[in-house]
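First the structure, in the form of structure tokens, and then the observations on it.
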Amino acid sequence: MSVIATNELTKRYPGVTALDRLTVEVQPGVVGLVGANGAGKSTLIKILLGLTEATSGRCAVLGIDTATDGWRVREQVGYMPEHDCLPADVSATEFVVHMARMSGLPADAARERTADTLRHVGLYEERYRSIGGYSTGMKQRVKLAQALVHDPRLVLLDEPTNGLDPSGRDEMLELIRRIHTDFGISVLVTSHLLGELERICDHVVIIDAGVLLRSSATTEFTQASQQLTLEVTSGTDEVARALADASLQVRHDGSVLVVELAGDETYDLVRDAVARAGTGLVRLQPRRHRIADVFEGEADHDPAT
Amino acid sequence: MTQPPEQAPVGVIHNIGYRGYSGPRLGRQAVTRALFTHSLRGIFGLGRSGRSKVLPMGMFAIMCLPALVLAVVTVVGSNQGVITRPPLAYTSYAMVTQAVIAIFLAAQAPQAVSLDVRYATLPLYFSRPLERTDYVAAKYAALSTALFILLSVPIVIMYTGTLLAELPVAEYSSDALAALAGAVVYALVLAGLGLLIASVTARRGFGVAAIITVLALSYTLTSAMQGLFGHGQDNMTAAGWLGLLSPMTLVDGVQVWAFDAQSSTITGPPGTTGGIVFCLVTLAVIAGSYRLLLARYRRVRL
């Protein structure tokens, strides 16, 4: 069953069309939602939660219509907003317990789930202190905990890595990946950093100005073009000529060579060419086609193949 | 069986992995009740820092103290035969202590709603099963209940004093019931106005100042004008009608007409028409502030 399914979903604000006949279907897993600021990501999330009504079109989350059964959707979905949303004068434990109860958990279960969830997001002793004194990274963890505390079937994470330093970013991404692999919860995560989504998502949806640009598996993006990056100590041109003679497609990219991967025999040809040139092999690795390349191509309405 | 010690060193927390939740998920009603309880506790500072308890608990103590003194006076006075009736009508207690009530309301109405706006916590509520109407209902009920507790406990204390003084039980029981009913009306009117003012601003200070101003100013102006018309021009009818203009005198008018209480202002509502109008206006204020609160939260941007 698809986790999210929209059909011709349209949302118009006075003067702006936030979503324009968006039809997209999302399967269980970690799904990235990519788009520039104002592309309609947050609007889509609000409609998915039943917080905003669509102007036209239909939208179902976990098979439940969001317009008619909004509260049933919200019972099964967790939401982590982009902005700061935590009161400063209560502790993380108290806050998350309260939020669990607001999701319909009985008092005992709320306390138990809060302890579990805070531990899973990596908050330990500090959970008894007031949130006001937390670092950005800790606040993001509390925000994530309140979205997970009622064991939802789907979490919507709006820009979860915002404001985090590189190591905090990596930890958060790792955590998001675990939400699906270890916790069995589907994830819809938005970001404007494509490299992040590439690392953790099974599927990527790209929207721009409310229009769907592309929706496909991450592997399709990254395997669209198989190339090898080759770096040698010297004689780069010589190696390039040798490879071209072996009827491989080679081009220069700065100081390195980019070789089209024709098959497993390509590796042998490269090895032999480098050996014959009598030079040292510094680097030979698959060059992944970045989502960013595809995205930029699509955004310019220049279909990348 | 447990593992041998060398495989399970002391002090290691074992990650038992993620556990799902398969227990009951209570519906909107239970969630609304939980929010009501949480808000009511929050209004009295329970579950919050010690500093948040000082003001509401202090006001509650100040509210009860005069009632306790009056109760003791009633018991002692009655034993010595100097007192044959309670020194203060139960229904007048709210009017006499209105400054304390105003401070309590001004401080705690913003506590109940402004914080959710200021810390932008509202989206977290509205992305959960409860609807916006449930949120408003829970907050309104919580503040009304808090005010009712604040108003009714002193009445109960005074009534207890009357009982201990062995004054006629039947007469004062009905008085106490009337005062408790009046406390319900006071609580609903004041909670509605307080929440409405507080919900407009995310800044607690503005909320506090606005509520104090509205309550104090309206009462001062109303009672001054009532004095001017009533005593100055001997026009008690006009003075009676003026009671509509402040929340305290409005509810007092309802008590005078509906519960046959003695007026705490210079005069109650004029005649039966006046009484009915006071009741209708009171209902309109309660329903109106509730409707406006609903509209306010329907409009709120997330």
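Between B:T160, B:T201, which is of a type outside the set (G, A, S) and over 19 Å from B:P110 (Cβ atoms)?
None of the other options fit; the residue is B:T160.
Regarding A:R74, is this residue at pLDDT 95 or above, buried (at least 24 other Cβ atoms within 10 Å of the Cβ), closer than 15 Å to B:L124 by Cα and not hydrophobic (A, V, I, L, M, F, W, C)?
no
Take B:A170 and decide whether it is buried (at least 21 other Cβ atoms within 10 Å of the Cβ) and in a helix (DSSP H, G or I).
No.
From the list A:R101, A:R58, A:R111, which residue is at the interface with chain B (Cβ under 8 Å from one of its Cβ atoms) and not small (G, A, S)? Even if it seems obvious, please write down each step before you answer.
On the way: A:R58 fails: at the interface with chain B (Cβ under 8 Å from one of its Cβ atoms); A:R111 fails: at the interface with chain B (Cβ under 8 Å from one of its Cβ atoms).
Of A:R101, A:R58, A:R111, the one residue that is at the interface with chain B (Cβ under 8 Å from one of its Cβ atoms) and not small (G, A, S) is A:R101.
The rows are residues; the columns are (1) out of contact with any strand residue (DSSP E or B) (no Cβ under 7 Å at 6 or more places or on another chain); (2) more than 28 Å from A:G40 (Cβ to Cβ); (3) modelled with pLDDT of 95 or more.
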position	(1), (2), (3)
A:S56	no, no, no
A:C59	no, no, no
A:V90	no, yes, no
A:E125	yes, yes, no
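Looking at (1) more than 9 Å from every other protein chain (Cβ to nearest Cβ); (2) assigned to a helix (DSSP H, G or I); (3) under 30 Å from A:L22 (Cβ atoms); (4) over 22 Å from the mean Cα position of the chain (by Cα), which is the only condition A:T68 fails?
For A:T68, the exception is condition (2).
Quick one: which of B:D134, B:D116, B:D175 is farther than 29 Å from B:S49 by Cα and either more than 14 Å from chain A (Cβ to nearest Cβ) or within 24 Å of the chain's Cα centre (by Cα) (or both)?
So the residue among B:D134, B:D116, B:D175 that is farther than 29 Å from B:S49 by Cα and either more than 14 Å from chain A (Cβ to nearest Cβ) or within 24 Å of the chain's Cα centre (by Cα) (or both) is B:D175.
Select from segment A:96-114 the residues that are more than 27 Å from the chain's Cα centre (by Cα) and of a type outside the set (V, I, T) and list them in ascending order.
The answer is A:H98, A:R101, A:M102, A:G104, A:L105, A:P106, A:A107, A:D108, A:A109, A:A110, A:R111, A:E112.
Mind listing just one residue for me: the one in segment B:97-113 that is away from chain A (no Cβ under 14 Å) and within 18 Å of A:P87 (Cβ to Cβ) and, of those, surrounded by the fewest Cβ atoms within 10 Å (Cβ to Cβ)?
Among them, the one singled out is B:A107.
Here is a yes/no grid of residues against (1) part of a helix (DSSP H, G or I); (2) loosely packed, with under 14 Cβ neighbours inside 10 Å; (3) touching an Asp or Glu at 6+ places or on another chain (Cβ under 8 Å):
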| residue | (1), (2), (3) |
| --- | --- |
| B:T32 | yes, no, yes |
| B:F36 | yes, no, no |
| B:G47 | no, no, yes |
| B:A61 | yes, yes, no |
| B:A71 | yes, no, no |
| B:L88 | no, no, no |
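Residues in segment B:104-112: is at least one more than 13 Å from B:R203 (Cα to Cα), out of contact with any Pro (no Cβ under 7 Å at 6 or more places or on another chain) and of a type in the set (A, V, I, L, M)?
Checked segment B:104-112: at least one residue is more than 13 Å from B:R203 (Cα to Cα), out of contact with any Pro (no Cβ under 7 Å at 6 or more places or on another chain) and of a type in the set (A, V, I, L, M).
Taking segment A:18-47 as the search range and keeping residues that are of a type outside the set (G, A, S), surrounded by fewer than 16 Cβ atoms within 10 Å (Cβ to Cβ) and closer than 13 Å to A:V211 by Cβ, which one is farthest from the chain's Cα centre (by Cα)?
Going through the qualifying residues, I end up with A:R21.
Which condition number does B:L143 fail, the rest of (1) over 12 Å from the mean Cα position of the chain (by Cα); (2) at pLDDT 95 or above being met?
In the conditions (1) over 12 Å from the mean Cα position of the chain (by Cα); (2) at pLDDT 95 or above, B:L143 misses (1) alone.
Which condition number does B:Y135 fail, the rest of (1) among the aromatic types (F, W, Y); (2) within 30 Å of A:L148 (Cα to Cα); (3) touching a residue at least 12 places away in the same chain (Cβ under 8 Å); (4) touching a Pro at 6+ places or on another chain (Cβ under 8 Å) being met?
So B:Y135 meets the others, but not (4).
Would you confirm whether any residue within segment A:146-154 is away from chain B (no Cβ under 14 Å), buried (at least 20 other Cβ atoms within 10 Å of the Cβ) and within 15 Å of A:L33 (Cβ to Cβ)?
Looking through segment A:146-154, none of the residues is away from chain B (no Cβ under 14 Å), buried (at least 20 other Cβ atoms within 10 Å of the Cβ) and within 15 Å of A:L33 (Cβ to Cβ).
Hey, does segment A:151-159 have a residue that's in contact (Cβ under 8 Å) with a residue 60 or more places away in the chain and over 22 Å from B:R25 (Cβ atoms)?
So far as segment A:151-159 goes, yes, one or more of its residues are in contact (Cβ under 8 Å) with a residue 60 or more places away in the chain and over 22 Å from B:R25 (Cβ atoms).
The values are calculated or read from the model by the stated rules, or taken from the named source; none is laboratory data. Remember, predicted model here, so these are calculated numbers, not experimental data. Heads up, the Cβs are rebuilt from the backbone with ideal geometry, glycines too, and the neighbour counts pull from every protein chain shown.
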